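All remarks here apply to the structure that follows.
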Amino acid sequence: MKHKSYNKYAIILGLFPILIFGSCKREVSEELAPENYLLIVNTLSETISIYDLEHDTLKEDVLETGKTPNDLLILGDLGLLVNSGFQGIAALDVIDLKEMKLIKRVPLPLGSNPYSITASENKFYVTLAAKDQVLVLDKNFIQQDSFTVGRWPEGIDYYDGTIYVACSGFNTQDFSYRDGYLYIIDTRSQPYKIDSVKVGKNPQMVKIYSGKVYVMCTGDYTSENGSFYVYDPVQKLLVDSVRINFNPQDFVYYQGKYFFTDFLRGIFATSDGNRTDTVTVISGAHRIIMDNGSLWVSIFSRNDQNYVIQILPESGEILWIEAGQAKGVGPIGIYRKLN
């Protein structure tokens, strides 16, 4: 049921049509929420599909999302889905992943274009891109507060009492990008202490690995390419930067390498920017996550040929998993039942 290629960090382009048209029809799982599954958010169809990891089966469109689902956070048996609300109402979907049921849909501020979410021990933080703010929700998802950060905040993460926000500098007047910043918010002080450090052009993602903060800058898609920056919270300064000749869409950092997607070109890996390995060349490479030593990448498409790729970075083996006929595969996550 899965399509395989064993080339180390490369796929021969001539084989790609075989992978697409030689696909078999997938059986549908009888069980709505299996023990371990890949959660697939279809951004254009505005639905969720689930792929049973143990039985190699797909259940399509098991749940409708809000308008324009954009970011997914899995916390135990809870799934939090940020809906940006294009041509509709912005909202946060709170999902019971055991039963794959919507618990509640929490409205978010009108016209705010919510982008991403992170969590502390007892609060949730959502970036409101169009308002240059971060919204604070309590443990019951009640709006508690908000605070201002840099222009057009997107990616957000939390670590050890501090919130980190990638502010892209996007200018809605002329669709250009001003200077990009990493905002650093210390939640242990009252009021919050807010600092910032300048990074590359158009920072969109921020993730924490081994106590350090990794920032992905996409570039402006024309004159400036992408880059990665590393911020050390102990030293309180940038300790590394890597420039690449790509426009990364998403990334993970694993065993000293940046694995990243470029939406138009494919999936790549680099350690220092001097050499970049091609994992696979494909259009629509979108979100990327790491789980149990495997990379998982969603392949965004407007037609009915949607895929998620599982990559084994040690061997370079690539498994193609059909994501069904729903359109626009975006955020993905792995759910494993705790008990």
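Values computed for the structure shown
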item	result
GLY180 being of a type outside the set (A, V, I, L, M) and without any contact (Cβ under 8 Å) to a residue 40 or more places away in the chain	yes
Qualifying residue in region 231-243 (condition: within 25 Å of GLY316 (Cβ to Cβ), in contact with a Lys or Arg (Cβ under 7 Å, 6 or more places away or on another chain) and among the hydrophobic types (A, V, I, L, M, F, W, C))	no
Hits in region 187-206 (condition: closer than 13 Å to TYR159 by Cβ and open to solvent by 40 Å² or more (accessible area, probe 1.4 Å))	ARG188
Index of the failed condition, PHE259 passing every other in (1) in contact with a Leu (Cβ under 9 Å, 6 or more places away or on another chain); (2) part of a loop (DSSP other than H, G, I, E, B)	(2)
Positions within region 281-339 being farther than 16 Å from THR47 by Cα, small (Gly, Ala, Ser) and not in a strand (DSSP E or B), in sequence order	SER283, GLY284, GLY293, SER315, GLY316
Residue count for region 197-244, restricted to those that are assigned to a strand (DSSP E or B) and on the phi > 0 side of the Ramachandran plot	0
Filter result (under 12 Å from PHE228 (Cα atoms) and more than 20 Å from the chain's Cα centre (by Cα)) within region 243-278	ARG243, ASN245, SER271, ASP272, GLY273
Residue, farthest from ILE194 (Cα to Cα), within region 108-156, restricted to residues that are acidic (Asp, Glu) and in contact with a strand residue (DSSP E or B) (Cβ under 8 Å, 6 or more places away or on another chain)	ASP138
Matching option when the condition is over 25 Å from TYR158 (Cα atoms) and either surrounded by fewer than 21 Cβ atoms within 10 Å (Cβ to Cβ) or charged (D, E, K, R) (or both), among GLU121, GLU60	GLU60
Residue that is nearest to the chain's Cα centre (by Cα), among those in region 299-339 that are of a type in the set (Val, Ile, Thr) and under 17 Å from GLU60 (Cβ atoms)	ILE332
Pair list, Cβ under 8 Å, 6 or more apart: region 139-153 residue over 19 Å from GLN190 (Cβ atoms) and in contact (Cβ under 8 Å) with a residue 40 or more places away in the chain, other residue of a type in the set (Asp, Glu) and assigned to a loop (DSSP other than H, G, I, E, B)	GLY150/ASP132
Qualifying residue in region 96-109 (condition: over 20 Å from TYR335 (Cβ atoms), among the acidic types (Asp, Glu) and in a loop (DSSP other than H, G, I, E, B))	no
Residue, nearest to the chain's Cα centre (by Cα), within region 58-94, restricted to residues that are in a strand (DSSP E or B) and free of Cβ contacts under 8 Å to residues at least 40 places away in the same chain	ASN83
All positions within region 209-239 that are under 20 Å from TYR177 (Cβ atoms) and open to solvent by 30 Å² or more (accessible area, probe 1.4 Å)	ASP220, TYR221, THR222, SER223, GLU224, ASN225, LEU238
Pairs, first open to solvent by less than 10 Å² (accessible area, probe 1.4 Å) in region 315-335, second of a type in the set (Ser, Thr, Tyr) and not in a strand (DSSP E or B), C-beta under 6 Å, six or more apart	GLY316/TYR9; ALA326/SER45; GLY328/THR43; GLY330/THR43
Among residues of region 157-184, those that are open to solvent by less than 10 Å² (accessible area, probe 1.4 Å) and out of contact with any strand residue (DSSP E or B) (no Cβ under 7 Å at 6 or more places or on another chain), counted	0
Qualifying residue in region 167-182 (condition: in a loop (DSSP other than H, G, I, E, B), among the basic types (Lys, Arg) and within 20 Å of the chain's Cα centre (by Cα))	no
Flag for VAL136 being of a type in the set (A, V, I, L, M), within 25 Å of VAL82 (Cα to Cα) and in contact with a Lys or Arg (Cβ under 8 Å, 6 or more places away or on another chain)	yes
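Per-residue answers, yes or no, for (1) modelled with pLDDT of 95 or more; (2) open to solvent by 40 Å² or more (accessible area, probe 1.4 Å); (3) touching a Gly at 6+ places or on another chain (Cβ under 9 Å):
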{"position": "LEU102", "(1), (2), (3)": "yes, yes, no"}
{"position": "VAL106", "(1), (2), (3)": "yes, no, no"}
{"position": "SER116", "(1), (2), (3)": "yes, no, yes"}
{"position": "LYS131", "(1), (2), (3)": "yes, yes, yes"}
{"position": "VAL134", "(1), (2), (3)": "yes, no, no"}
{"position": "ASN140", "(1), (2), (3)": "yes, yes, no"}
{"position": "GLN144", "(1), (2), (3)": "yes, yes, no"}
{"position": "VAL149", "(1), (2), (3)": "yes, no, no"}
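The values are calculated or read from the model by the stated rules, or taken from the named source; none is laboratory data. Values in this document were obtained by computation on a predicted structure and should not be read as measured data. Using ideal geometry, Cβ is built from the backbone for each residue, glycine included, and neighbour counts are taken over all protein chains shown. Areas reflect the complete protein model, heavy atoms only, side chains present, ligands, DNA and RNA absent. Shrake-Rupley method; radii C 1.70, N 1.55, O 1.52, S 1.80 Å.
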